[in-house]
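Participant: Mind having a look at this structure? Questions to follow.
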Amino acid sequence: MVLDVLDNFGKYAALNPYFSLVDAFMRTHQLEELALGTYNIKGEDVVLKIEQAMGKSRTEAILESHRQMIDIQIPLQQPETFGLAAFTSLPDAPYSSEKDISFYPEAAAQNYITCPLGAFMIFFPEDAHAPCIAPNASFKKAIFKVRSV
């Protein structure tokens with residue numbers, strides 16, 4: 001898991017060959033101004049989702065993990081808190097290969113971290129996360145889905 005300011009994203013390009021495409025996209029687009037929807041940046045290898053999320057409490061947020069994709073999550077309207085847990089500490093859970101996701105409704109987050117505005121979080125496949133922990137409000141966020149290589 002990585003938490004840093006958006007201006008530093010380019011420093012992480014060496015972690016994944018697709019991260020440079022994400023960096024270039026962020027430098028040429030204002031994420032806050034994009035309409036809700038899905039943007040294919042490089043086929044299914046790099047996809048951006050602009051979503052309107054509903055804030056949840058810590059007890060309502062459910063841990064999730066991915067096997068094929070890395071999440072780069074960016075709050076666009078207000079800070080967002082994430083619950084965190086190591087994938088290896090979680091019980092077995094059904095996996096949807098179509099959606100590349102497993103949910104862990106019975107597992108509790110081990111830690112919490114808040115991503116401020118102007119920052120991003122990277123969640124690798126070994127990083128289970130419970131997104132959208134925020135005051136009872138709807139907020140806009142960006143999620144880059146990047147193929148793990």
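The values are calculated or read from the model by the stated rules, or taken from the named source; none is laboratory data. Just so we're clear, the structure is a prediction, and the values are computed from it rather than from any experiment. Reconstructed Cβ throughout: ideal geometry from the backbone, glycine too, with neighbour counts over all protein chains shown. Please note that ligands, DNA and RNA were not included when accessible areas were found on the heavy atoms of the full protein model with its side chains. Shrake-Rupley method; radii C 1.70, N 1.55, O 1.52, S 1.80 Å.
Participant: Have a look at PHE144, PHE87, PHE139 and point out the one that is buried (at least 21 other Cβ atoms within 10 Å of the Cβ) and not β-branched (Val, Ile, Thr).
Facilitator: Answer to the check: PHE144.
Participant: Here is a further query. Kindly establish whether ASN16 is open to solvent by less than 70 Å² (accessible area, probe 1.4 Å) and either of a type in the set (Gly, Ala, Ser) or over 13 Å from PHE144 (Cβ atoms) (or both).
Facilitator: So ASN16 fails the test.
Participant: Consider only pairs whose beta carbons are under 7 Å apart and that are at least six residues apart or on different chains; among these, list those whose first residue lies in the stretch 76-100 and is on the phi > 0 side of the Ramachandran plot and whose second residue is charged (D, E, K, R) and open to solvent by 30 Å² or more (accessible area, probe 1.4 Å).
Facilitator: Note: pairs meeting the criteria are ASP100/ARG67.
Participant: Only residues that are in contact with a helix residue (DSSP H, G or I) (Cβ under 7 Å, 6 or more places away or on another chain) and touching a residue at least 24 places away in the same chain (Cβ under 8 Å): list them for the stretch 10-21, please.
Facilitator: Answer for the stretch 10-21, where residues must be in contact with a helix residue (DSSP H, G or I) (Cβ under 7 Å, 6 or more places away or on another chain) and touching a residue at least 24 places away in the same chain (Cβ under 8 Å): TYR12, PHE19.
Participant: Which of the residues that make up the stretch 102-119 are within 13 Å of the chain's Cα centre (by Cα) and buried (at least 17 other Cβ atoms within 10 Å of the Cβ)?
Facilitator: Matches in the stretch 102-119: CYS115, ALA119.
Participant: If a residue must be small (Gly, Ala, Ser) and in a strand (DSSP E or B), how many such residues does the stretch 89-103 contain?
Facilitator: 2
Participant: Can you tell me how many residues in the stretch 8-49 are touching a strand residue (DSSP E or B) at 6+ places or on another chain (Cβ under 9 Å), closer than 22 Å to PHE139 by Cα and charged (D, E, K, R)?
Facilitator: 2
Participant: Out of the residues in the stretch 22-37 that are more than 16 Å from PHE120 (Cα to Cα), open to solvent by 60 Å² or more (accessible area, probe 1.4 Å) and in contact (Cβ under 8 Å) with a residue 12 or more places away in the chain, state the one that is farthest from the chain's Cα centre (by Cα).
Facilitator: ALA35
Participant: From the set of residues in the stretch 44-73 that are among the polar types (S, T, N, Q) and more than 12 Å from the chain's Cα centre (by Cα), which is surrounded by the most Cβ atoms within 10 Å (Cβ to Cβ)?
Facilitator: The extreme case among them is GLN68.
Participant: Here are the criteria: (1) assigned to a loop (DSSP other than H, G, I, E, B); (2) farther than 18 Å from GLU60 by Cβ. Tell me which single one MET121 does not satisfy.
Facilitator: Result: MET121 passes all but (1).
Participant: Here's something else I'd like to know. Just a yes or no: is a residue in the stretch 104-116 within 25 Å of TYR39 (Cα to Cα), polar (S, T, N, Q) and in a strand (DSSP E or B)?
Facilitator: Checked the stretch 104-116: no residue is within 25 Å of TYR39 (Cα to Cα), polar (S, T, N, Q) and in a strand (DSSP E or B).
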